Amino acid sequence: MGLRVLRSQLHSVLVTLWLTLSIASVVMAALTWNRLAHSVDDAVQMSGLNDALDRVFSLVLDAETGQRGFTITGLQDYLEPYEEARRRLPGELNVLAELGRADNSIQPDLAELRVLLDRRLTQLGEVVKTRREQGLSAAAAVISSRRGKRTMDEIRALVGRMRRERLDIFTSNGEQTRRQLNRANVTSLVAGLIGVGAGFFSLYLARVGLEHERRERELAEGKLRAEHHSEQKSAFLANVSHEIRTPMNAILGFTELLVSELKSSRQQRYLLSIRTAAESLLQLINDVLDMSKIEAGVVELNPEPTDPREICEFIQTVFVEQATRKGLTLTCRIGDEVPRVLLLDRTRLRQILVNLVGNAVKFTERGSIRLEVHSEPDREVPGSILLLIEVEDTGVGIARDRLDAIFKPFVQADSRRPQEKQGTGLGLAIVKRLTEMLGGSVVVASVPGQGTTFHLRIPRVELSNQEFAPMEVKEVGVVDFNRLRPATLVVVDDQEMNRQLIADILAGSHHQLFLGADGNAAVELVRQHRPDLVLLDIRMPRLDGRQALAQIRAVPGCELLPVIAVTASSQVEDERELRLQFSGYLRKPFTQRKLYDELAAFLPEVAPAAPVSEPLPPSTTVGHTQDWAELSVELHGLESSEWPVVRDGGAFNEARSFAERIRDLGSQAQCPLLVSYSDTLLLAIEGYDAAALEAELQRFPQVVSTIESRTVGLAAQPITPA
Ligand code: ADP
């Protein structure tokens, strides 16, 4: 940009210089021509003047010669030149006067010449008259007086002087003209040279400009191509994600079902490994998608009243258990100056801090982790603040030459370290992009072997004038589909496994199911069975979910039939659009709870307020009374110690460690209810579904008392074999 401006300024200066010199050379040429013209005029005038002087002088000379001949001979013929001189001299004097009209300096000489000529003619006349009347001797006496000779000498001297003076003036004018001609020559030459130079330079500038334009065009084309590739990449990722989430639905769904079926702890361990692997795969897909969504610019911020203290509590809750288990102290401190309610995207800020503190815990083996939040007034935008957040640990640290690289996707500081094996290298890239979306920046400082500190600066954070509203807590309750009024359901999915999953989840319940494999089957089943609700997959061969919905709506009486879109798509736009078109929306992979909640939105609950009695598979109760008694003691301990802390953080991702802990307890005691519950918690964590996580956490005492009631009930009654 600066170069372009400089170039155009240089161009203007050169053009101006060239123009000035050209004009100067034209003016000088005009002046020179004018002077040349004058000088030619002068030459013509001088030559005319000389000719006229010559003529005058020769007329006088001839007259004198004639007078001499007449005086000697007395013959009249000799007086011819004298008569001619008398006749022509006045005319010639007029010619001289005319030629010297513009020249004031000649006027006195002309006047003097006129007088001398008059006098000379008069003298000649006297001699002639004397000769004629008194004879030769008298005439000779007059001539001998030498008056005539003196007058003639004066005339000769005057004419000679007049000629010389004219010649001097002409010569000096000629000198000036020559000098001017030289000056005009030089100016024209310089203007010409600069003109040629300016021309070449303009040519060069034009070429550079063209080159620049070409490069800009190529850049714009490159950008368009990159955007196109980015769109293709996003579409590709969306497809891959869809294709992975679809079987993942079956894997996680059947795992959830199976967990309550398996008896042996070895089998349960295997199952837990399958689930953990599936969950980390899902986490990876979510991260990759998050990243590509951020890069494609489709992530929208949702600023809402946010209390930084609540976020700190949340972080503490999520990580305290994990940190304590590693013997680390985790402190969260908020400066007193930090306002209570900020206008910020709470979910994104949490996501950033979860990543940073999660890394700190992961990469620290001893010592402490400190989260500190401060603020200061933002001078650029009065009324807003600059939010300063620090996450410091005393962990392994990062080598200096890797400090920049770790913010790039899939880059790790040292992939040989065991801690790195647990991750993918996407977390910090997401942190950086999200922080930038919030208008801030993130930098890291680290000393290998001593620890790492991440510094976040988020400027222009506005204060909210609304009250801070804690995240919504959903209605709690364990998954019992029989709590919903008996209903006829049509379930359509082209994947057999996914149809079967829903069928198995609802098996044994009082609901009636009809299964179909594509949109045509959906329409047909709706026509035949007039169901209470339809669960409809979106991507299907032949007739897809959207087309099937249009046909279902066209069936008389089905205009308002609840049709729930069930999709593996993770596209935000898809979700928005599907929520508008369909009665409900369920994203794969889903948990039993999510399915229940979606159905409960359309099917009335038959006993909504009744205390939950978890229907347990008969086999699961056998032989575990003792384990469960110990389990419930342990769970009560958790309920009064860690759970309140976890719960008060109150949102998604809360307490992965807490969930893992109770999952371990559940599988050790072979308590499917607890394992299934921790699954639900972990799924909410994996999906960053804050509302679901809070709701699930609220359920914890209920789950504990259900397990306890089983223990008491079973201990009092004889155990029924399966
Ligand atoms: P992940 O943790 O999944 O590997 P991240 O993008 O979150 O990916 O982090 C990238 C890399 O940065 C990590 O693999 C690790 O090498 C380094 N790193 C991040 N945070 C820390 C930390 N607190 N201490 C030491 N190294 C860290």
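Give me the percent of the accessible area of the chain that comes from carbon and sulfur atoms, probe 1.4 Å, all protein chains in place.
56
Mind giving me the nanometre distance, one decimal, between the label points for Asp51 and Asn482, set 7 Å out from Cα along Cα→Cβ?
14.4
Pop the C-beta distance of Arg161 and Ile23 into the FRET formula with R0 = 56 Å and round what comes out to the nearest 0.05.
Efficiency, from the Cβ-Cβ distance: 0.80.
Could you work out how much longer the chain between Asn465 and Gln267 gets when fully extended? Use 0.36 nm per residue separation minus the Cα distance between them, nm to one decimal.
Extending this stretch completely gives an extra 65.8 nm.
Once you order the gyration tensor axes a ≥ b ≥ c over the Cα atoms, which shape class does segment 306-346 get: rounded for a/c under 1.5, otherwise prolate or oblate by comparing a/b with b/c?
The shape class here is oblate.
What is the chain by shape, rounded, prolate or oblate, if you read a ≥ b ≥ c off the alpha carbon gyration tensor as root eigenvalues and call it rounded for a/c under 1.5, prolate for a/b larger than b/c, and oblate otherwise?
prolate
On a full-extension model of 0.36 nm per residue, what is the gain between Val633 and Leu75, subtracting their alpha-carbon distance, rounded to one decimal in nm?
Length difference between fully extended and current span is 183.1 nm.
Taking H as built 1.01 Å from N, whose amide H comes closer than 5 Å to the amide H of Val491, not counting residues under 5 places away?
Residues meeting the criterion, in which the H sits 1.01 Å from N, are Phe514, Leu515, Gly516, Leu535.
Among DSSP bridges having both ends in the chain, what percentage is antiparallel? Round to the nearest 5.
Restricted to the chain, the bridges split so that about 55 percent are antiparallel.
Pick out, in residue order, every one of the trypsin sites (Lys or Arg not before Pro) in segment 205-239 that is DSSP loop and has at most 11 other C-beta atoms within 10 Å; say none if there are none.
The qualifying sites: there are none.
For Lys326, which aspartates and glutamates qualify as cross-link partners when the Cα separation must be under 12 Å and same-chain residues fewer than eight apart are set aside?
Partners within reach: Glu365.
Just to verify a number: what accessible area does Lys129 come out at with the full protein assembly present, 1.4 Å probe, Å² rounded to tens?
120
Treat segment 396-540 as a sphere of radius equal to its Kirkwood radius over Cα pairs and apply Stokes-Einstein at 10 °C in a medium of 1.306 mPa s; give the translational diffusion coefficient in µm²/s, rounded to a whole number.
The Stokes-Einstein estimate is 76 µm²/s.
Counting other C-beta atoms within 10 Å, and keeping those with at most 14, which DSSP coil GluC sites (Glu not before Pro) do you find in segment 337-433?
Qualifying residues, ordered by number: Glu337, Glu365, Glu380.
Keeping all protein chains in place, calculate the accessible area per residue for the chain (probe 1.4 angstrom), answer in Å².
50
How much length is gained on full extension from Glu84 to Val411, taking 0.36 nm per residue of separation minus their Cα-Cα distance?
105.4 nm
Net charge near Arg217, counting Lys/Arg +1 and Asp/Glu -1 over other residues with Cβ under 13 Å of its Cβ?
-1
If a/c stays under 1.5 just call it rounded; otherwise compare a/b with b/c (prolate if a/b is bigger, oblate if not). Do that for segment 218-366, with a ≥ b ≥ c from the square roots of the Cα gyration tensor eigenvalues.
oblate
Compute the relative contact order of the chain as a whole-number percentage, counting only Cα pairs closer than 8 Å that sit 6 or more residues apart in sequence.
So the answer I get is 12 percent.
The values are calculated or read from the model by the stated rules, or taken from the named source; none is laboratory data. Since the structure is predicted, the reported quantities are computational estimates derived from the model, not experimental observations. All Cβ positions, even for glycine, are placed from backbone atoms using ideal geometry, and neighbour counts span all protein chains on display. Accessible surface areas use protein heavy atoms only, side chains included; no ligands, DNA or RNA. Shrake-Rupley method; radii C 1.70, N 1.55, O 1.52, S 1.80 Å.
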